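To start, the structure under review is shown below, and the notes come after it.
The values are calculated or read from the model by the stated rules, or taken from the named source; none is laboratory data. Computed from a prediction, not measured in an experiment: that's the story for all the values here. Glycine also receives a Cβ, built like all others from the backbone with ideal geometry; neighbour counts cover every protein chain displayed. Protein only, heavy atoms only, side chains kept; ligands, DNA and RNA dropped before computing areas. Shrake-Rupley method; radii C 1.70, N 1.55, O 1.52, S 1.80 Å.
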Amino acid sequence: MLKKYIRIYIECIKISIAAALSYRLNFLLDSFITLVSNILFPLVTLLIYGSGAEFPGWSLYEVLLIQSIFTMATGISRILFDGVLWATMGHIIDGSLEIILIKPVDCLFYLIASTVDFSGSGLVVGGAVMFAIALSQLGQVTIWMVLQFIVLFLSGIFVMMGISLIMAATAFKWVGNSRIPEIFESIKYFGRYPQDIFHKSISTFTSFIIPVAMIGFFPAAALLGKVNHLAYIALIPCIVFTWGGVYLFKHMVHLYEGVGG
Amino acid sequence: MNFLLNKLRVIKAVALVTYKEWSAYRTHAMVSIFVGPVYFIVQYFIWTAVYSGNTTLNGMELSQMLSYFGVSTLIGYLTMDFADWNLQMLVRTGRFLTFALRPIHHRFFALSQKIGHRVLGLFFEFLPCLFIFTFLFKINMRPAYSAWAIISIFLAFLMNLYLNYTIGMTAFWLVQANGVRRVYLLLQGIFSGALIPLVFFPKVLQRLLLFLPFQYVTYVPIMVYIGKYNLAGITMSIPEIVGMQAIAVLTIALFSELVYRMSMKRFTGVGA
C-alpha cells in the first residue's frame, strides 16, 4: 500500500517537472516573480533599519533570519501543498470532484500529489540565500540549536499544511471565492515578525491557536539561543492544527454531494 | 451637451449592471472587512515597536504613520482595478472583437464598469473598514482637506485605470501578457507607497520616483489625505501636488490613447 502511494507521488513529481520544463521561460519568470514578491517583507525591514530605527531587542540580521525561515517555509509549502486549494476549488466549481473520488487512491493524497508545483523553488533558494547571509552575521550555532531548529521548522511546515487544508476545506462551502487565501495570508503575516512586538493576547493566539509563530519565529529563536519552553508547548497545537486540517478536509469530502461528473 | 448626457447615461447603465453583477458576490468583497483590519493590526504593532525609541522617522510621527496605513487600506478599496487582467483576457480569447464593434470606446466601458465595481467596494469594504479604524482602533481618519482628498483619490482612481489598461494592451502584441502584468504589479506594489511610505527609500530612489507614475496611485492621495507632501526632500503644498497629479493623469491618459490607436491597427479578429 505504502509502496503504491510512494510510486504515485514520484510519478506526480516527474509530471510536474516535465510540465515545468515544457514551459521553461514561464517557469523561470514565475519562480523569479514569486521570489521577488515574497522578499518585499525583508525589504521593509531593511528600510526600517536603514532609517536608524529598529525592533527593540532585535538586530537587523536576527529579524532577517526570522523572515528568511518564513520565506523558505512558504516556498516548501508552495511546492507541496498550496495547489490543493485551487485544485479542490476548481473541481467543486466544475463538478468534477467525483472523478477524483472514484480513483482507487485517497482523495486528499491524490490532490496533494497531483498539485506538486516547483514554481515555489525560487522562494526556497532565495530564502536559503537570505538565511545563510543572516546566519553568517550572527553568533555561534551549536548542534543542539540546529536540532531544535530542524524540529521547530518541520512543525512550521506542518502548520502551513494545516492552513492549506483548512483553506481547501473552506472551498467546499464558500464555493468559488478566490479570496479565501487572503484571510489566511493576513493571519500568517503575524508570523513574519518577532513575536514580542505584539500584545500578549496576540502572541498567545499566534503561538497556540493558529500557531503561525512556528513558521518563522520559533525556529529562528532556536538558532539565536532565544528559544524557551513555550516553543515546545507550541508543538502540541501545531500537531492538533495539522490534524484538524486533515480531519476537516476529509469531513468536507464526506459531506460532499456531487451531481454526476 | 447631448454628448455629455449620452456619456453619463452610458456610465450609469454600465455601472449599474456591474454593481448588480458583483453584488451577487458581495461576501467576496466583505472578506476585506476581516483582512484589512488584521493587516492594520500587524502594522500597528510593527510601527509602535519601531517608534518606541523615536518620536519621528523621516519626518513622520507615529500617529501619522498609523493614519498612513489606515488611509492606504481605505484608498485601496476605492481605486482597486483589474482592467489589465480583463483586457488581456478579452484579447487572448478573441472576445475583444465584440467590444471593438460597439459604438463605445472600450476604455470608457472599462471606466464605467470600474465605477460600478468600486461603488460596491465603497459600501462593503471602505465604509465598514472606515468605521472599524475610526471607532475601534481610534485612528484619526479625518482628511486634512476633504475636497482636495476627494479630488486626489478620484485622480488616483483614474491613474490606476489608465496604467492598468495600458499594461493590459500589451496583450495585443504578446497575447499572453501575464508575465508583464505580474512584473508591473510587483513594481507598483513596491514603488506606489502601499508597502511603506516612499520617504523611507534611499534619496536617489526617491528622486527617481518623482518621475515615475507609481506614487500618484497610492502615496500622493494618502499624503493629500494626511495633509502634507514630501518626497526626495521636495515639499509641495496640497494644491501643487494635486495639480502635479492631474498633469500626470492627463499624460498617462494621452499615452494610453496613443497605445490604444496603435493596438487597433494591430488587432485582427475572426467571427464574433
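Key figures for this structure:
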quantity: Spans of helices (runs of 4 or more DSSP H) in region B:59-158 with at least 2 residues among the basic types (K, R); calculated: B:106-121
quantity: Top-ranked residue in region A:132-150 [being among the polar types (S, T, N, Q) and in a helix (DSSP H, G or I); ranked as least open to solvent (accessible area, probe 1.4 Å)]; calculated: A:Q148
quantity: Candidates A:P219, A:P211, filtered to the one that is more than 11 Å from chain B (Cβ to nearest Cβ), surrounded by 20 or more Cβ atoms within 10 Å (Cβ to Cβ), within 18 Å of the chain's Cα centre (by Cα) and in contact (Cβ under 8 Å) with a residue 60 or more places away in the chain; calculated: A:P219
quantity: Residues of region B:90-103 satisfying the condition of being closer than 13 Å to B:G168 by Cα and surrounded by 16 or more Cβ atoms within 10 Å (Cβ to Cβ); calculated: B:L90, B:V91, B:F96
quantity: Failed item, numbered, when B:Y165 is tested on (1) open to solvent by 20 Å² or more (accessible area, probe 1.4 Å); (2) modelled with pLDDT of 95 or more; (3) of a type in the set (F, W, Y); calculated: (1)
quantity: Top-ranked residue in region B:46-63 [being loosely packed, with under 15 Cβ neighbours inside 10 Å and farther than 16 Å from A:P56 by Cβ; ranked as farthest from the other protein chains (Cβ to nearest Cβ)]; calculated: B:S63
quantity: Answer from B:I115, B:I139 - the residue that is open to solvent by less than 20 Å² (accessible area, probe 1.4 Å) and farther than 13 Å from B:I33 by Cα; calculated: B:I139
quantity: Filter pass, A:L2 being open to solvent by 40 Å² or more (accessible area, probe 1.4 Å) and within 11 Å of chain B (Cβ to nearest Cβ); calculated: no
quantity: Which numbered condition A:T74 fails, given (1) under 21 Å from the mean Cα position of the chain (by Cα); (2) over 22 Å from A:I187 (Cβ atoms); calculated: (2)
quantity: Every residue from region B:11-45 that is more than 11 Å from every other protein chain (Cβ to nearest Cβ), buried (at least 17 other Cβ atoms within 10 Å of the Cβ) and polar (S, T, N, Q); calculated: B:T18
quantity: Residues of region A:222-242 satisfying the condition of being open to solvent by 30 Å² or more (accessible area, probe 1.4 Å), part of a helix (DSSP H, G or I) and free of Cβ contacts under 8 Å to residues at least 40 places away in the same chain; calculated: A:H229, A:L230, A:Y232, A:I233, A:I236, A:V240
quantity: Close pairs from region A:92-105: first open to solvent by 20 Å² or more (accessible area, probe 1.4 Å), partner modelled with pLDDT of 90 or more and assigned to a helix (DSSP H, G or I), Cβ under 7 Å, at least 6 apart; calculated: A:I92/A:A171; A:I92/A:F172; A:L101/A:C107; A:K103/A:Y110; A:V105/A:I8
quantity: Complete set of residues in region A:183-199 that are surrounded by fewer than 19 Cβ atoms within 10 Å (Cβ to Cβ) and outside any helix (DSSP H, G or I); calculated: A:H199
quantity: Residue within region A:5-24 that is within 14 Å of another protein chain (Cβ to nearest Cβ) and either of a type in the set (V, I, T) or surrounded by fewer than 17 Cβ atoms within 10 Å (Cβ to Cβ) (or both) present; calculated: yes
